[in-house]
Amino acid sequence: MASNSVTAAPALLVTVHTQVRDGVPGKLLAHGFMTSGSTVLVPDPPRELASPWRRYILRISRSPGRDGTAEVLPVAGIGLAAVHGDGVSTAAALLTLVWPTRFEVPTVTSTPERIAELLVRHHGDQWAVYAELGFRVVRPARKPGPPDEWWLGPAFEQEVHSSAEDYSCGTCGSSPVCCRRPAPRAAAPAADAA
């Protein structure tokens, strides 16, 4: 873990719910963690988070042992990324909030190469990957049985990457330069033979 890139902020508990009416959380769907003040990553999301027609809301609170304050924020948009390759099969939902959380979220920077390396080493366990990178994650209890890989169906094939590095480019957290790579050098124009 790169200790110089992380503040001592406490972990935040982040839960994703359906929104039953304005500002009211409904059924608990998933757990996630903040990757920036206005972005949440949900590892191995349930199929319910892939619906563009539902409205979602987050409940964010400090980890156990802290004060009991919590906030409820609506989700503005959801992106999905998945990988099935390099010995890894996992997905993530990336939730953008309508406005940022009031809680402190540490800034962590990484690269797609580093995330891909950790994904392979941790066999697709994104909770372990992002904790090792320095994100403050609170892992929920594991569900019994194998993960549901619903994202491998034909409806989501455009979201599934065949390499961990391509996948990690879309999930590398709050760093705006995570996936910017130098553009290939343009070939010098050929001299016209006159």
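The values are calculated or read from the model by the stated rules, or taken from the named source; none is laboratory data. Predicted model only: the values in this text are computed from it and were never measured. We place every Cβ from the backbone using ideal geometry, glycine too, and count neighbours over all the protein chains shown. Side chains are part of the model used for accessible areas, which takes the heavy atoms of the whole protein and leaves out ligands, DNA and RNA. Shrake-Rupley method; radii C 1.70, N 1.55, O 1.52, S 1.80 Å.
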Check your understanding: Out of residues 5 or more away from LEU29 or on other chains, whose amide H comes under 5 Å of its own, with H placed 1.01 Å from N in the peptide plane?
Key -> VAL16, HIS17, THR18
Study note, to complete from the structure: Amide H proximity to ARG55 below 5 Å, modelled H, separation 5+ or other chain, gives GLN19
Practice item. Hey, can you grab everything whose amide H is under 5 Å from the amide H of LEU13? Only 5+ residues off in sequence or another chain; H modelled, so Pro and N-termini drop out. Key: SER61, ARG62, SER63
Practice item. Find the accessible area per residue for the range 86-130; the probe is 1.4 Å, ligands and nucleic acids are left out, and the unit is Å². Key: 43
Review point. At what distance in nm do the modelled label points of GLU104 and GLU48 sit from each other, each positioned 7 Å from its Cα along Cα→Cβ?
Key: 3.4
Practice item. Could you pull out which residues in the range 36-57 have an amide N less than 18 Å from a spot 7 Å beyond the Cα of ALA155, following the Cα-Cβ vector? Key: 44-56
